[in-house]
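Colleague: One structure follows; several queries about it will come next.
Each reported figure results from applying straightforward, stated rules to the coordinates on display, with no laboratory input. This is a predicted model, so every value here is computed, not measured. Virtual Cβ from ideal backbone geometry, glycine too; neighbours counted across all protein chains shown.
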């Protein structure tokens, strides 16, 4: 079931997702894949207020976007992605992320793009200050975790800045319990 729901989300634009509003005219949706409890969790935020989170282990929440607070947070999230659209210039990789990474899939009317970020950066365990401390150590070179490709040409602090902006609507969406 997880693979099917995830596939539906990734192809939602080609399946007829409505045109995005003026607040994020080039962003139809965001699908975020992350490792969780030996499997994966996926957040889906689409321009039609579809907002869901589900796991490869079978749990999750579908239809959270029916709640006004969640729908509002979804559109704030998509507006942040719109403001940083250039960060997501990589080609689409519909696969799941490697261990140690979170994969963002940006869905646009013109096609999809994806980018991986280190999960420590995504969860706020590593940011620009940590990178600056590391650069002061003799012989240090910033490298992504083993098996994780470098994030485009963006500096780690640019990715951290984006993730910090994304975290505000993300927290609003994830803090609402839907029964």
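Colleague: Fewest first, what order do 5, 17 take by the number of other Cβ atoms within 10 Å?
Modeller: On the way: 5 15, 17 18.
Ordered from fewest to most neighbouring Cβ atoms within 10 Å, 5, 17 come out as 5, 17.
Colleague: In what order do 81, 13 fall by count of nearby beta-carbon atoms within 10 Å, going from fewest to most? Write out the running numbers ahead of the final one.
Modeller: Working: 81 25, 13 21.
If I rank by nearby Cβ atoms, fewest first, I get 13, 81.
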